[in-house]
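K.L.:
Below is a structure I'd like to ask you about.
The values are calculated or read from the model by the stated rules, or taken from the named source; none is laboratory data. For clarity, every value in this text was computed on a predicted model and none was experimentally measured. Note that each Cβ is placed from the backbone with ideal geometry, even for glycine, and that neighbours are counted across all protein chains shown. The accessibility values were calculated without ligands, DNA or RNA, using every heavy atom of the protein model including side chains. Shrake-Rupley method; radii C 1.70, N 1.55, O 1.52, S 1.80 Å.
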Amino acid sequence: MEKSNISKYDQKESTKVHDINGTQYDSASEKPNLDGDRLNFYLLILLYIIQGFPLGLSSAFTIILQSKKIVTYEDQATFSIALWPYIMNILWAPIVDALYIQFIGRRKCWLIPLQLLMGLFMFYMACNIADWLPESGKPNLKMMLIVVLALNVLSSTQDIVVDGWALTMLKKNNVSYTSMCNSIGVLFGIFLGEVCFTLLVSEEFNTKYFRSTPGTGGLISMKSFLLFWAVLVMSVTFSVGIFKKEKKNLEDGIEKVSVFQNYKLLWEIIKLPNIKGLTIALLTTRIGFIATESVSVLKLIDAGLSKDNIMIMTTVMYVGKFAIPIFISKYITSIKPMSYYLKMTPIRLAWGIVYVTLIYFTPNIIHLNSTVVSVPEYYYLILGFVYVINDLLSFLMLIMLFSFFYQISDPRFGGTYMTLFNTLYFLGWFVPNTLVLKLVDITTFSKCSNDIQNLCSTPDLTSMCNTNGGSCNVYVDGYYITTAICTVIGLVWYGIFKNTLKSYQNLSVSHWMVYSRPLDIDEVHEPCIRSS
């Protein structure tokens, strides 16, 4: 990276002031104020909604497949690979940051084709979903995996573009709102793709709550729902292409950087001592909670709970999630987010034990006998309370973590920084998610009720047991073994990284920049950005 590439940024210095809460602002700028920035604010939320929808759709298919009782945890582990593009997009993030068509816009020239392709893939899925996921019979997991994987590749690449644009679309004094746009937008997109899709296409939900005649299907077909989203995504894309102009920003003053230089920049960022420590922490931070997050809902469905009732309960939880960023957004920039993240970590680990205990007793509570399921109203109250608290803790920790990411990202290379942090976060989520599903399958042991020699270890042995009038009964449930292992790892993680992460948030931004000098404690000017 040559000095000429960043010299214009070097010349920009301004003193900093603090408000009564300790929040740092440039004296030349105002405190956060959305006046004149509201359209940009709402556009960012809309783009993040589009980004979150494929993630929600992936979760919806997981729940629908489990409710049909025709897939194993091994199948679920395979299907979870569809989420892996979010841990691989760091490989092409430097390309997205470096290659662009100036007159279209650095971010628009990527956003438009990506979202148009997303719309086309949704259209293709809509036309074939009835064959891939029939009402009865085995689903075509291979085709579902391929198309959902393609959607997530596009969505994860759009994530690079929108994260980079978010740091410059809003005014400098409003950048702190990007965390709110991200959390609300992606969350609402996931809600639409997961909860709304699952409920609206469910015949059971339609029959029970809208008194529809059995056999008429859901309130809307899967094909119609996906077609609607295909049209919506393409309409938004055309509108952005025609009406939204990219304003000149900090990055426009930088000489165009080559792909090679961007990869070199990424490597220089990764080599920073603080980034190395943060990388290890992010790759392991979710292991303590991953079994509770990934498998608990599937275990509830296995126990006999209706997927529709679980989704209704999830809807209540989402209402709280939507409200939280609105109330805490003005405090995000004035707190030390990692301190709050660390305070909630042991609470969430303990709450996971409460959640698992409830799941353990669920079959005894809701089964009148081996075939009839009757769920008492008090059980839903208890489950709802435990489920909502667990998810709200997860969501609050996510907001604090992403707030920290935005605080330490260099806006000159925002797409690269945010993509690196997102990739590390998702890598620490999706890989353990797949491994945990496989571990549950490996550590679960069953045997045939009328043939103790038959351990039901393969589909053929299971079929043989059923053919002979028996049933495969679980005598060792791998879910509880896996959860115990994860909880212990989570406690060890907390002991190792507690003090390290607290110290990271006390460092000045210059300690996270590749081309900067450290600030002396008495300095009031921003760090001069120098070439290495």
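K.L.:
Pick out the one residue from 387, 425, 379, 406 that is in contact with a Ser or Thr (Cβ under 7 Å, 6 or more places away or on another chain) and not polar (S, T, N, Q).
P.N.:
Answer to the selection: 406.
K.L.:
Among (1) modelled with pLDDT of 85 or more; (2) assigned to a helix (DSSP H, G or I), where does residue 325 come up short?
P.N.:
(1)
K.L.:
Another question, then. May I ask you to list the residues in the range 463-498 that are part of a helix (DSSP H, G or I) and either acidic (Asp, Glu) or out of contact with any helix residue (DSSP H, G or I) (no Cβ under 9 Å at 6 or more places or on another chain) (or both)?
P.N.:
463, 464, 465, 466, 467, 495, listed by residue number.
K.L.:
Filter the range 166-203 for residues that are open to solvent by 10 Å² or more (accessible area, probe 1.4 Å) and aromatic (Phe, Trp, Tyr) and give the result. First the steps, then the outcome.
P.N.:
To start, the set of residues in the range 166-203 that are open to solvent by 10 Å² or more (accessible area, probe 1.4 Å) comprises 167-168, 171-173, 175-177, 180, 182-184, 186-188, 190-192, 194, 196, 199-201, 203.
If the condition is that a residue be open to solvent by 10 Å² or more (accessible area, probe 1.4 Å) and aromatic (Phe, Trp, Tyr), then 177, 188, 191 are the ones that fit.
K.L.:
Within the group 167, 187, 145, which residue is of a type in the set (A, V, I, L, M) and farther than 19 Å from residue 57 by Cβ?
P.N.:
Answer to the check: 167.
K.L.:
Hey, another quick one. Consider residue 70 carefully, then state whether it is open to solvent by less than 40 Å² (accessible area, probe 1.4 Å), at pLDDT below 85 and under 24 Å from residue 438 (Cα atoms).
P.N.:
No.
K.L.:
Out of the residues in the range 438-462 that are assigned to a loop (DSSP other than H, G, I, E, B) and not polar (S, T, N, Q), state the one that is most open to solvent (accessible area, probe 1.4 Å).
P.N.:
Step one: of the range 438-462, the residues assigned to a loop (DSSP other than H, G, I, E, B) are 443-444, 449-450, 452-458.
Cutting the leftovers down to not polar (S, T, N, Q) gives us 452, 455-456.
Values: 452: 119, 455: 86, 456: 22 Å².
Only one residue tops the list, namely 452.
K.L.:
Looking at this structure, is residue 170 out of contact with any Lys or Arg (no Cβ under 7 Å at 6 or more places or on another chain) and under 30 Å from residue 35 (Cβ atoms)?
P.N.:
yes
K.L.:
Tell me, which residue of the range 123-149 that is outside any loop (DSSP other than H, G, I, E, B) and open to solvent by less than 20 Å² (accessible area, probe 1.4 Å) is nearest to residue 227 (Cα to Cα)?
P.N.:
126
K.L.:
Which ones in the range 363-385 are at pLDDT 90 or above and crowded, with 18+ Cβ neighbours inside 10 Å?
P.N.:
Across the range 363-385, the qualifying residue is only 383.
K.L.:
Where residues in the range 290-300 are open to solvent by less than 10 Å² (accessible area, probe 1.4 Å) and under 21 Å from residue 81 (Cβ atoms), which of them is nearest to the chain's Cα centre (by Cα)?
P.N.:
290
K.L.:
Right, next: Hand me the list of helices (runs of 4 or more DSSP H) wholly inside the range 38-103 holding 1 or more residues that are aromatic (Phe, Trp, Tyr).
P.N.:
Fully inside the range 38-103 and qualifying: 38-67, 73-79, 85-88.
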